[in-house]
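The values are calculated or read from the model by the stated rules, or taken from the named source; none is laboratory data. Keep in mind it's a predicted model, so treat the numbers as computed, not measured. Every residue, glycine among them, receives a Cβ derived from its backbone with ideal geometry; neighbour counts consider all protein chains shown. We work out accessible area using only protein heavy atoms, side chains counted, and drop any ligands, DNA or RNA first. Shrake-Rupley method; radii C 1.70, N 1.55, O 1.52, S 1.80 Å.
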Amino acid sequence: MPLRTIRGRLTFWYTSLLSLSFMVLGGAGYGLLAYTLSQESDAGLRRVAQTLAERTGTGLESFIPSEIDEVFRRFLGFSPLEHYFERLPPGHSSSHGGKLPLSPQALKNASRGLPTFETLEGLGPYPVRVLTWPVVKAGRVSGIIQVGLSRENLDKTLRRFLWIMVSILPAALLLAGGGGWILARRALKPVDRMTETARRISAEHLDRQVQGSGAGDELDRLAQTLNDMLGRLKVAFQEIRQFSADASHELQTPLTVLKGEIEVGLRSPRRPEEYQAILRSALEETDRIARLVEGLLLLSRSEAGVLRMDRRTVNLRDLIEVVVKEVQPLAGSHSVKLLTGSIELAHVQGDPDHLRRLLLNLVDNGIKYTPSGGSVEVSLRSDEKWAMLQVSDTGIGIAKEDQEKIFRRFYRTGAPRARLESGAGLGLAISQSIAEAHGGRIQVESVPGQGSIFTVFLPLSF
Ligand code: ADP
């Protein structure tokens, strides 16, 4: 039997357990039968001896053997071919020479008025069960009766039972094993179907569904789980495809510009200032490409859990000061007021460069998406566990349905100003991975046309 398959193992264990139960039950049945038959035969012998003893009231001489046969038939329900009866007058001894031997123990017991059961060999082809029974008259042992019964019938019945058991066992096991095999095959059929479907599923065919048994059982649940997993894989594959398409697209634009500029520069001889202008513009595009690649690298590293972090205690108040100072010129060029609100003292464990980048992205967005005349405010609060770094603006705001999506890579809202100002759509995705790498998160609240509040939660260091 091929035990490498579940079907084979199930059948093997099922059949083994069944054989074991069969043998235990058979053994118990045999024992019980042997015990009951022996008990019954002893009880029969006892009744015969009693009857005989009662009939000795007038003297043991009145017995004739044919009567004994009848007594056996009446009490045991059969007439044993081999039966034994012995009567001994008072003053008997163990070496009386009778047909049934009288053992010293039986003699001793009888003289005390006690019966004795013995199984004796050598009296015939089968052992004989012998009962030595004292005949008590007027409180005194007046004689001994011995009755014996061959164990022939009992042994034959037991042997027949054993024979039936032994001949049934292989047939029952064969039937059970075959039945078990067929049942296991039927029960596991849906697994074969699932394997077949799973074999045909590839990245291009994630729409395929695994079919369960349809009975709402474990296999159905397995099929459902596999289908859910396929659904998630499909989404993940789509995201990867989308990501590659977006990344190529984002890289293609500055590369095309760069190529065009170089081509223009090479087309005809130019003055040094013109070359300088072309090179400056080319450098800007190269910077854009470098930023994009750096951002993608950071995201993929953080996703793979291998983002390099130079962890140390960072004073967020100092961080805000540095970033605000750095971005002030940009705010000025957009005619947006960059303010610092209430700033509490808070320290976190983290990488200062990554945290600087996070805050820079948020403040930069605040300025980009706030029309001139508006303001962006940075503040810092804390509770017993978290530092809450907040960047609020009076800008264009974000529609409810976009608030969750803006953290996705390359996602940009359709708001006209957003389209005009937007970068590659990686800033918030990067900020969120940085926050998560620090054990924190970013939350956004926004009312379109009124402004947005981005809150970064970072665990405080103690
Ligand atoms: P981008 O480089 O386009 O700014 P981000 O990931 O930083 O990419 O932002 C994703 C999108 O979220 C932006 O394109 C913009 O539509 C929206 N967004 C981000 N910050 C703000 C903000 N402060 N106010 C309004 N919209 C915002």
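Considering each of G449, G423 in turn, give the residue that is outside any strand (DSSP E or B) and more than 10 Å from the ligand (Cβ to nearest atom).
Details: G423 fails: more than 10 Å from the ligand (Cβ to nearest atom).
Result of the check over G449, G423: G449.
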Residues V327, V314: which one is within 16 Å of the ligand (Cβ to nearest atom) and over 16 Å from T455 (Cα atoms)? V327
Can you give me the number of residues within the range 212-221 that are open to solvent by less than 80 Å² (accessible area, probe 1.4 Å) and either assigned to a helix (DSSP H, G or I) or of a type in the set (K, R) (or both)? 2
Residues (closer than 21 Å to G374 by Cβ and without any contact (Cβ under 8 Å) to a residue 12 or more places away in the chain) located in the range 314-348: K325, Q328, P329, G332, S333
When you go through (1) within 23 Å of T51 (Cα to Cα); (2) in contact with a Phe, Trp or Tyr (Cβ under 8 Å, 6 or more places away or on another chain); (3) not basic (K, R) one by one for G177, which number turns out not to apply? (1)
Out of everything in the range 226-261 that is β-branched (V, I, T) and surrounded by 12 or more Cβ atoms within 10 Å (Cβ to Cβ), what residue ends up being modelled with the highest pLDDT? V257
So which residues in the range 427-444 are more than 34 Å from the chain's Cα centre (by Cα), surrounded by fewer than 18 Cβ atoms within 10 Å (Cβ to Cβ) and more than 11 Å from the ligand (Cβ to nearest atom), if there are any at all? Q443
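Could you check the range 387-396 and list, in sequence order, the residues that are outside any loop (DSSP other than H, G, I, E, B) and surrounded by 22 or more Cβ atoms within 10 Å (Cβ to Cβ)? Steps first, please.
Within the range 387-396, the subset outside any loop (DSSP other than H, G, I, E, B) is 387-393.
Within the range 387-396, A387, L389, V391, D393 meet the criteria.
Taking the condition within 19 Å of D353 (Cβ to Cβ), in a helix (DSSP H, G or I) and not small (G, A, S), does L258 pass?
Numbers: within 19 Å of D353 (Cβ to Cβ): no; in a helix (DSSP H, G or I): yes; not small (G, A, S): yes.
No.
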Consider the range 353-377. How many of its residues are near the ligand (Cβ under 8 Å from one of its atoms) and in a helix (DSSP H, G or I)? 6
Looking at the range 17-40, which of its residues are under 30 Å from R185 (Cβ atoms), at pLDDT 90 or above and small (G, A, S)? S21, G26
Select, from E321, E401, E384, the only residue that is in a helix (DSSP H, G or I) and more than 16 Å from the ligand (Cβ to nearest atom). E321
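Quick check, is D310 within 46 Å of the chain's Cα centre (by Cα) and part of a helix (DSSP H, G or I)?
Values: within 46 Å of the chain's Cα centre (by Cα): yes; part of a helix (DSSP H, G or I): no.
It is false that D310 is within 46 Å of the chain's Cα centre (by Cα) and part of a helix (DSSP H, G or I).
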